[in-house]
1. Would you mind computing Rg(Cα) / (2.2 N^0.38 Å) for the chain, counting N as its residues?
2. May I ask you to list the GluC sites (Glu not before Pro) in region 68-109 that are in a DSSP loop and have at most 16 other Cβ atoms within 10 Å of their Cβ?
3. Count neighbours as other Cβ atoms within 10 Å of each site's Cβ, and list the chymotrypsin sites (Phe, Trp or Tyr not before Pro) in region 56-92 that are DSSP loop with at most 10 such neighbours.
4. If DNA, RNA and ligands are ignored and the probe is 1.4 Å, what is the ranking of ILE66, ILE22 by accessible area, most exposed first?
5. Mind checking the dipole of the chain: about its Cα centre, +1 per Lys or Arg Cβ, -1 per Asp or Glu Cβ, Debye to the nearest 20?
6. Given a 1.4 Å probe and heavy atoms of the protein chains only, how would you sort VAL53, VAL61, largest accessible area at the top?
7. Test of understanding: in a Gaussian network model of the chain with alpha carbons linked when under 10 Å, which of VAL64, VAL73, VAL86 would top the mean-square fluctuation ranking?
8. Using alpha-carbon pairs under 8 Å, 6+ residues apart, how would you state the relative contact order of the chain in percent?
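The values are calculated or read from the model by the stated rules, or taken from the named source; none is laboratory data. Please read these numbers as outputs of a predicted model, since none were measured by experiment. Glycine gets a Cβ as well: all are built from the backbone with ideal geometry, and neighbour counts include every protein chain shown. When the accessible area is computed, the model is the full protein with side chains, heavy atoms only, and any ligands, DNA or RNA have been set aside. Shrake-Rupley method; radii C 1.70, N 1.55, O 1.52, S 1.80 Å.
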Amino acid sequence: LQTAKLAQGGLVTEGTSGSTGISLAMVARAHGVRCYVALPDDAAEEKAQLLEVLGADVDRVRPVSITHKDHFVNKARRTADAASGVFADQFENLANLKAHYEGTAPELW
């Protein structure tokens, strides 16, 4: 929202096995943004239910190789692109790495 890449009512997407998607769904709801989560269908049903309670649109997909077009991460990326949304990209987002380097790592060390 701060960079204007995502406006109120806009769409943020993520491919996740649960925890990041849950956090993203909570933040999206608080800021009036829609949330789409692609989730492997072998993830716990309770995670999908919680995501839905938090307002996320959950797409359960079968687990496949990351190189496959239907991998949950690739599906989330395509969904963002098709809707002019924002793909959070937890696995390659440098802000995620920086947050762990500056925050989580010192806590653990």
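1. With N residues counted in the chain, Rg over 2.2 N^0.38 Å equals 1.07.
2. Values: sites: GLU92, GLU102, GLU107; in loops: GLU92.
Passing sites in region 68-109 are GLU92.
3. Answer by residue number: there is no such site.
4. Reading off the accessible areas and sorting them downward yields ILE66, ILE22.
5. The calculation lands at about 320 debye.
6. Working: VAL53 105, VAL61 10 Å².
Per-residue accessible area, sorted high to low, gives VAL53, VAL61.
7. Between VAL64, VAL73, VAL86, it is VAL64 that shows the largest mean-square fluctuation.
8. The value is 29 percent.
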